[in-house]
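The values are calculated or read from the model by the stated rules, or taken from the named source; none is laboratory data. Since the model is a prediction, treat every value here as computed from it, not as a measurement. Ideal geometry is used to build each Cβ from the backbone, glycine not excepted, and the neighbour counts take in all protein chains shown.
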């Protein structure tokens, strides 16, 4: 996949106006990026030191949201391969800064999920289900039905439009809507192509001729299960949610029940497990049910799961599971999350092999993605890539 200079000129990349401003400041792009990262880190780390609890310090508010948005948009900038290499070289010098930014990224993501959980569960306590459902119906845009089911449109209204409406009615100071819904929506739809499109260099599709509603998915590090819910609405698939935090699983189950009452999903298609994932064994078929055994055809691994844990999981716990989708990062996105693909090369000792991937447009153009395995391009608003691994040894 090749891009001309004219193609690049037509792309509206994030931070384009700020990029222009950096030229007047006589900064190179790599220098500008590090400057932005350092400014954001100083602001957020100062808040963290002023609070005894990290999550309290990073809990969504205008100041935190503004800084995190700047952080994300900085990382989403388009850079050339040469500039990206320079930033990677600087990475070794500024490793401590990057480690701290990654920690803040994961903590702030958890805080955002926690706030979203709390808001949704409070809605369930304060308002009658019938009122919420009627409100969601009134907020649905008719154009939504051209691409998605009514269930998806209801879910979007619940996460975005309805909380925004409450803010305007009650003059709430902070926005209650889930600010990254569009990011998840695009990513989930693009990631599905890993299972429905032919593998690179082959005409074989992972699930050709098989309905996805019969495929069993397991989500490792499920947190607020936005991805899982979207996947279920689109495919009707059965999904197991796994998280090491008991509170996350408890809230996820309450949220799923809430969504079922609103007619958004079928709760009996979900199962919930609080556990360390390395204490679980995964099989494509399970004869006897057990708390430490999960049945799955596809295992989805969140980007926040450490790469050491991911590698152990792939080589020791997945048994005969054929497919794994791992949310990963490439290029500048690795400044926010720990990349996995670097430590899991094609090696005879590894049980899984990387067969295809989807990635944001910037990472494709910069050369951070191996184009021979690329099967789809996600929106440039997304940080994450997603890799599909196939079982190569049994």
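Of the candidates 204, 167, 150, 146, the single residue that is under 18 Å from residue 236 (Cβ atoms), modelled with pLDDT under 90 and out of contact with any helix residue (DSSP H, G or I) (no Cβ under 7 Å at 6 or more places or on another chain) is 150. Please verify whether residue 191 is assigned to a helix (DSSP H, G or I), farther than 29 Å from residue 357 by Cβ and modelled with pLDDT of 95 or more, treating the condition exactly as stated. Here the answer is no, as residue 191 does not meet what is asked. For region 209-253, a residue qualifies if it is without any contact (Cβ under 8 Å) to a residue 60 or more places away in the chain, at positive phi and in contact with a helix residue (DSSP H, G or I) (Cβ under 6 Å, 6 or more places away or on another chain), and exactly one does: 236. Listed residues 321, 286, 358; which is in contact with a helix residue (DSSP H, G or I) (Cβ under 7 Å, 6 or more places away or on another chain) and not in a helix (DSSP H, G or I)? Just one listed residue meets the conditions, 358. No other residue among 247, 230 is part of a helix (DSSP H, G or I) and surrounded by fewer than 20 Cβ atoms within 10 Å (Cβ to Cβ) apart from 247.
In this structure, is residue 373 in the same structural domain as residue 227 (by TED's automatic domain parsing), closer than 30 Å to residue 40 by Cα and modelled with pLDDT of 90 or more?
Judged against the criteria, residue 373 is not a match.
Do the conditions hold for residue 37, that is, is it in contact with a strand residue (DSSP E or B) (Cβ under 8 Å, 6 or more places away or on another chain), modelled with pLDDT of 75 or more and within 21 Å of residue 338 (Cα to Cα)?
no
With respect to (1) assigned to a helix (DSSP H, G or I); (2) more than 21 Å from the chain's Cα centre (by Cα); (3) surrounded by 13 or more Cβ atoms within 10 Å (Cβ to Cβ), the lone exception for residue 96 is condition (3).
Is it the case that residue 197 is surrounded by fewer than 18 Cβ atoms within 10 Å (Cβ to Cβ) and at pLDDT 85 or above? Answer is yes for this residue. Filtered by the rule that a residue be surrounded by fewer than 17 Cβ atoms within 10 Å (Cβ to Cβ) and outside any helix (DSSP H, G or I), region 208-227 gives 208, 209, 210, 211. Within region 299-324, being crowded, with 22+ Cβ neighbours inside 10 Å and within 18 Å of residue 231 (Cβ to Cβ) holds for 299, 300, 301, 303, 321, 323, 324. When the criteria are applied in full, residue 271 fails the requirement of being surrounded by fewer than 20 Cβ atoms within 10 Å (Cβ to Cβ), within 22 Å of the chain's Cα centre (by Cα), on the phi < 0 side of the Ramachandran plot and part of a helix (DSSP H, G or I). Here residue 334 does not fit the description of being part of a loop (DSSP other than H, G, I, E, B) and buried (at least 21 other Cβ atoms within 10 Å of the Cβ).
The residue that is farthest from residue 220 (Cα to Cα), counting only those in region 289-307 that are out of contact with any helix residue (DSSP H, G or I) (no Cβ under 8 Å at 6 or more places or on another chain) and outside any strand (DSSP E or B), is 289. On the stretch given as region 80-93, residues that are farther than 18 Å from residue 337 by Cα and surrounded by 16 or more Cβ atoms within 10 Å (Cβ to Cβ) total 2.
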